[in-house]
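Notes to accompany the following structure.
Derivation of every value follows stated rules applied to the coordinates shown; laboratory data play no part. Here the structure is a predicted model, which is why all the values come from computation and not from measurement. Methodologically, a virtual Cβ is constructed for each residue, glycine included, from the backbone with ideal geometry; neighbour enumeration extends over all protein chains shown.
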Amino acid sequence: MGPPPDTPIPATTPEILLYYTYVDKIVQGLLFSAFALLVWDHALTFHREVEYVWKGRWTVIKVLFLFTRYATLVVVGGNAWILTGTVRGLTNT
């Protein structure tokens, strides 16, 4: 829920816009770094995952492990994709 419709929009100065642009670039860099580290971790440990996890019997722990491992990759990758600005149709209105 936003402010009432009659609330004046605060004045934006070039310094404020420049600051938010700077912060946005830092957040993008951190998110892409996190995604790169996740992909690197998956690439390095996939063979062990196949050997020790996929070949074992299905348990609750196995399901939770696989869910957290791959859900994190999907969420961080999706956020990185959204921040690139190539996703259309996502608005706050």
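Subtracting the Cα-Cα distance of D24 and L44 from 0.36 nm times their residue separation leaves 4.2 nm of extension gain. Residues of the range 26-55 with an amide N closer than 12 Å to a point placed 7 Å from the Cα of Y70 along the Cα-to-Cβ direction: 54. Extension gain, E15 to F32: 0.36 nm times the residue separation minus the Cα-Cα distance gives 3.5 nm.
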